[in-house]
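*Asks:* I'd like to ask some things about the structure below.
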């Protein structure tokens, strides 16, 4: 009797195991913790599982700190995700570590990708292979404080369109005390924030140069254009005195507190600025130069298939990646997270382009550049130090620029080994 | 049943043949083994591994390859290393004497205060209990320019021009050091107080009866008898300043160790090399250098201040 019982339960156990084993493939998806991103992904997973009852997706999240280290350690140990989220700038590292695999051309034809997505996805391409695709992208724009504009006698509905107008508006809106100390900035200066991207991909191009050549492996800004771009930037503090590096600690903090009339920041700041109650703010495209040349810096987190996924898991992972980069998923992502869709047709709807907040960011995507960083933190530090040498040390911009170019080239060369 | 009793007899035989002293030694070592094993596995093993890593080019994602002394060569030729080296020693040379002097003066006079003695002592100890990160953030705001920086607000209300503090290559290091010194004071004061209390009162009574002035009492009795306390504090606080990290990192998170690396200590350079640039081999070489510096300084201090 007892033996019969046992046999039955064992058989039942095997049966359930076999049935689930045959029915559902479980794949793992990893991303960092950020409330709205996790929520959006949960919605996508639910929808995906409804359409594909034979695939189960498990989402794992963890804090952003040391994200790379943890993912690398897990995958190298044979654990970890089948589909992983990674910053586009880490792609080289992930490929070198054999952590992600190229997307199969049959499942993701390059021609289709290049037709449907914004050109910045080329940062995921090595040779003929794409190594991942984004759901959403982010770009930069100029945020301005409408109240500060009105108080200074400027029209709050016509923000600066060129960099000369930017300087003029900053000069009007800056406030100083009796001893000349800035008490409210016209324009924030924060190389540690987004200014280094503005300088690198926008200002240099607007002054007639390019930041890098040969697929971003050769520093090319140590020339007339680079010098003009740097001088323009440092003159905001030294000559026009409309802002001050370190004022209110961070540019975004100054703007949030209502103590800066203008700041350059990305889509990811919308959530934080959305809670500002004290004043109304607006967004406009990054100002053009006198000839009308515009540029922008765009970045994104891409989703990639890891080397851990094999066989049926690989097929399931590809299906899932296809879904999270589909037009439907991008719409969900934009509604829940507020990030811009990576596909042109989803992003550039008349409704979106006319949107007072999303519009300027979307327009920027059309002409945006994406720097292929080798070591983003270190390369950003080069730009911070370059500005500081001029602003604090009083060094000649030309000498400072030359040191920066040399230091950054060394970082890039070392990563190539 | 029978096997159990058989084993008891066998082991009992071996155990009973030992002397009491041997048994005590075995007992002692079996208890000591627990922390020892822990230390070997958690502390010493990784330390030795760091020595090995320092001669490889491991970057987490790429497998490690032996590169000989290349990392050390690169370190010696790296101007950042020498800057960081100088900063680290500035923290040490400024931090240790200043903090010891202040804490000794406070302890010396606090020792004589009877009124609310414990309360005042607790107040001095409070910063030591505060998280370094939280403290660094508060001081970071103190140092801001007007209109939000408290210190600059006070300065400009007296008509003194505002100071850049953290935005200056010459003022930043002392500005970062100040909260670090302040945070350590409480601990040092408590240790000094304990040292002062340990000096027998009879010495002082004898000196006063002989009419020795206070200054001479301090020089001839208090300080020499405080020497063990002083040695401990000098070594302890030197190691602390050589390993300074959280204050520096948190007071300037956007440009850690900045501006222009003027506040960057060796530990922060190691951290950035390892966990931002992922150059583990190079970071391990820096760690070995820090280890050697700490070792040499501790040994020299112990030797210099040893009782003759």
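What follows is calculated from the coordinates using simple rules that are stated; it is not laboratory data. As the structure is a computational prediction, the values presented were derived from the model and not from experiment. We place every Cβ from the backbone using ideal geometry, glycine too, and count neighbours over all the protein chains shown.
*Asks:* Say a paramagnetic label sat at a point 7 Å from the Cα of residue B:128, along Cα to Cβ; which residues of the range B:226-260 have their backbone N under 19 Å from it?
*Replies:* Residues B:226-247 fall inside that zone.
*Asks:* In what sequence do B:135, B:305, A:187 fall when counting other Cβ within 10 Å, fewest first? Don't jump to the answer; show the numbers that get you there.
*Replies:* On the way: B:135 19, B:305 14, A:187 27.
Least to most surrounded, the residues fall as B:305, B:135, A:187.
*Asks:* Quote the FRET efficiency, to the nearest 0.05, computed for residue A:51 versus residue B:298 with a Förster distance R0 of 41 Å and r equal to the Cβ-Cβ distance. Kindly include the intermediate steps, with their values, before the conclusion.
*Replies:* Working: r = 65 Å, r/R0 = 1.59.
After rounding, the FRET efficiency stands at 0.05.
*Asks:* Kindly put A:369, B:117 in sequence by how many other C-beta atoms sit within 10 Å of each C-beta, fewest to most.
*Replies:* Values: A:369 21, B:117 13.
With the fewest neighbours first, A:369, B:117 line up as B:117, A:369.
*Asks:* Using a Gaussian network model on chain A with a 10 Å cutoff between Cα atoms, which of A:200, A:256, A:115 fluctuates the most?
*Replies:* It is A:115.
*Asks:* Something else: What's the FRET efficiency of residue B:39 with residue A:38 using the Cβ-Cβ distance as r and R₀ = 41 Å, to the nearest 0.05?
*Replies:* Values: r = 40 Å, r/R0 = 0.98.
Once rounded, the FRET efficiency stands at 0.55.
*Asks:* May I pose another question? How would you rank A:155, A:129, going from fewest to most other Cβ atoms within 10 Å of each one's own Cβ?
*Replies:* Working: A:155 9, A:129 15.
The most exposed by this proxy come first: A:155, A:129.
*Asks:* Counting helices only, and only those DSSP H runs with n ≥ 4, report the 222 nm mean residue ellipticity of the protein assembly as shown as the sum of -39,500 (n - 2.57) divided by its residues, in deg cm²/dmol to the nearest 500. The partial results should precede the final answer.
*Replies:* Details: 32 runs with 392 residues, N = 725.
Estimated from H runs of four or more residues: -17000 deg cm²/dmol.
*Asks:* Just the number, please: percent antiparallel of the DSSP beta bridges in the protein assembly as shown, rounded to the nearest 5. Display every interim value, and only then the final one.
*Replies:* Values: 29 of 44 bridges.
If I count the DSSP bridges inside the protein assembly as shown, around 65 percent turn out antiparallel.
*Asks:* So, one more: For chain B, set up a GNM with springs between Cα atoms under 10 Å and report which of B:41, B:181, B:296 has the largest fluctuation.
*Replies:* B:41
*Asks:* Still on this model: Please work out, to two decimal places, the log10 of the ratio I(q)/I(0) at q = 0.07, 0.11, 0.16 Å⁻¹ from a Debye calculation in which every Cα of the range B:70-304 carries one identical scatterer.
*Replies:* -0.30, -0.69, -1.15
*Asks:* Just need the relative contact order of chain A here, percent rounded to a whole number, with Cα pairs under 8 Å and 6+ apart. It would help to have the intermediate numbers written out before the result.
*Replies:* On the way: 699 pairs, mean separation 102.0, N = 417.
Worked out over chain A, it gives 24 percent.
*Asks:* Here's something else I'd like to know. Alpha carbon centre of the range A:21-64 versus the range B:226-248: separation in Å?
*Replies:* Measuring centre to centre over Cα atoms gives 50 Å.
*Asks:* In addition: If you take every DSSP beta bridge whose two residues both sit in chain A, what share of them, in percent to the nearest 5, is antiparallel?
*Replies:* Numbers: 28 of 43 bridges.
Bridges in chain A that DSSP calls antiparallel: roughly 65 percent.
*Asks:* Moving on. When a/c is below 1.5 the answer is rounded, else prolate if a/b is larger than b/c, else oblate, so apply that to chain A with a ≥ b ≥ c taken from the square roots of the Cα gyration tensor eigenvalues. Each step should come with its number before you reach the end.
*Replies:* Values: a/c = 2.36, a/b = 1.89, b/c = 1.25.
Prolate is the answer for chain A, as a/c is 1.5 or above and a/b outweighs b/c.
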